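Some notes on the structure that comes next.
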Amino acid sequence: MKAFTYERAGSPEEAASIAARPGTKVIAGGTNLLDLMKIQVEAPEHLVDVNRMPGLDRIEDTEEGGLRIGTLVRNSDLASDTRVRVRYPVLSRALLAGANGQLRNKATTGGNLLQRTRCYYFYDPSKPCNKRQPGSGCSAIGGFNRIHAVVGASEQCIAVHPSDMAVAMRVLDAQVETVRPQGGRRVIPIADFHRLPGNTPQQDATLEAGEIITAVTLPPPPPGVQLYRKVRDRASFAFALVSVAAIVDAHGGSIRGARLAFGGLAHKPWRVTAAEDALAGKPAQQRAFDDAADAVLQGARGQGHNEFKIPLTRRVLAGVLAEATHA
Ligand code: SF4
């Protein structure tokens, strides 16, 4: 590991002003950053530790009937909070599907949103990777790409976002609160928080340099059954090949409304309005499930090893919708 200097920030404003300096990285739980530093994929000159920022490790009720989750709330604490388990079970289930108990005890809400892809080549400095070194090429295109994207990818990068929590937050229409280095606060809808790779795959999120996440706000839960289903290579401690976060409001064999977000398919949690429109007002039957899958997968393209994700997504979605509607 390359030598670095270290300091603690006492407030988000202080953290943002330090983090805006070139060569600085923010550390909270450190569950991803330290791994990247050990293999010198990340080699910051300076670390600013945000773990002591006061008041940001709380989960609070909002006046609107939602929840405000401080950026330092640990994944374990969020998953086990009674309000989350009762009102936002999709979020609790997604969190518990991620990593393992030890990592969830350290990982924070803000850090989870900002974790980097687990593309094998991103973690191998001997291989070209546009995300790690812009302009060097993408080893996954034409390489081993079993875990890679089938929608929203570019010629520069076909990586997927690894977070389960972010997929649940996407289906819940969460909002991310931040403090900017030049002062002032910002609220970013989660739909706009993560990026598709395009020509700048090195940027995972729309945060400015130095901008610090302070909280994630959840609106009141929408009506309906909440489910999270994750398909992976082993039962624990593995990233999603395909995951689905679903909130389905059904009655008497028909679907009044549905929300769907997917992990493992794209560079960001994948949500397609047309898929939800294809289900609203329809009988809870395979035909509607197929129409929704067609919309989710419009333009989907495999890269060889990952082509199985396209039919797998159809089957996982149909299974989740059948469970949610008792079809
Ligand atoms: Fe790098 Fe993205 Fe290609 Fe993986 S898919 S090698 S992260 S550019």
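In summary, helices (runs of 4 or more DSSP H) completely within the range 81-126 and bearing 3 or more residues that are within 20 Å of Val160 (Cα to Cα) occur at 89-96, 109-113. Tell me, yes or no, whether the range 279-293 has at least one residue that is open to solvent by less than 40 Å² (accessible area, probe 1.4 Å) and closer than 26 Å to Gln156 by Cβ. No: the range 279-293 contains no residue that is open to solvent by less than 40 Å² (accessible area, probe 1.4 Å) and closer than 26 Å to Gln156 by Cβ. Which one of Thr117, Thr109 is in contact (Cβ under 8 Å) with a residue 40 or more places away in the chain, more than 16 Å from the ligand (Cβ to nearest atom) and either open to solvent by 40 Å² or more (accessible area, probe 1.4 Å) or not assigned by TED's automatic domain parsing to the domain that holds Ile39 (or both)? Exactly one of Thr117, Thr109 is in contact (Cβ under 8 Å) with a residue 40 or more places away in the chain, more than 16 Å from the ligand (Cβ to nearest atom) and either open to solvent by 40 Å² or more (accessible area, probe 1.4 Å) or not assigned by TED's automatic domain parsing to the domain that holds Ile39 (or both), namely Thr109. Cβ-Cβ distances below 8 Å connect the following pairs, each with a first residue in the range 93-106 that is more than 18 Å from Val231 (Cβ to Cβ), a second residue that is of a type in the set (A, V, I, L, M) and at pLDDT 95 or above, and a separation of six or more residues or different chains: Arg104/Ala79; Arg104/Leu95; Arg104/Leu96.
Tell me which residues, restricted to the range 158-182, are in contact with a Pro (Cβ under 7 Å, 6 or more places away or on another chain) and open to solvent by 10 Å² or more (accessible area, probe 1.4 Å). Within the range 158-182, His161, Arg170, Asp173, Gln175 meet the criteria. Taking the criterion of being out of contact with any His (no Cβ under 9 Å at 6 or more places or on another chain), away from the ligand (no atom under 16 Å from the Cβ), under 25 Å from Phe237 (Cα atoms) and touching a residue at least 12 places away in the same chain (Cβ under 8 Å), would at least one residue in the range 130-149 satisfy it? The answer is no, given that none of the residues of the range 130-149 is out of contact with any His (no Cβ under 9 Å at 6 or more places or on another chain), away from the ligand (no atom under 16 Å from the Cβ), under 25 Å from Phe237 (Cα atoms) and touching a residue at least 12 places away in the same chain (Cβ under 8 Å). May I ask you to verify whether Ala235 is small (Gly, Ala, Ser) and either touching a His at 6+ places or on another chain (Cβ under 8 Å) or open to solvent by 10 Å² or more (accessible area, probe 1.4 Å) (or both)? Yes.
Rundown of residues vs (1) under 22 Å from Ala79 (Cα atoms); (2) among the hydroxyl-bearing types (Ser, Thr, Tyr); (3) touching a residue at least 24 places away in the same chain (Cβ under 8 Å), yes/no style:
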{"residue": "Ser11", "(1), (2), (3)": "no, yes, yes"}
{"residue": "Ser17", "(1), (2), (3)": "no, yes, yes"}
{"residue": "Gly30", "(1), (2), (3)": "yes, no, yes"}
{"residue": "Pro44", "(1), (2), (3)": "no, no, yes"}
{"residue": "Glu60", "(1), (2), (3)": "yes, no, no"}
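Residue check: is Tyr123 within 16 Å of the ligand (Cβ to nearest atom) and either farther than 22 Å from Asp35 by Cβ or not polar (S, T, N, Q) (or both)? Taking the combined requirement at face value, the residue satisfies it.
The values are calculated or read from the model by the stated rules, or taken from the named source; none is laboratory data. Note that the structure is predicted; figures quoted are calculated from it, not measured. Neighbour counts are summed over all protein chains in view; Cβ atoms, including those assigned to glycine, are modelled from backbone coordinates with ideal geometry. Heads up: the accessible areas ignore ligands, DNA and RNA and are worked out on the full protein's heavy atoms, side chains in. Shrake-Rupley method; radii C 1.70, N 1.55, O 1.52, S 1.80 Å.
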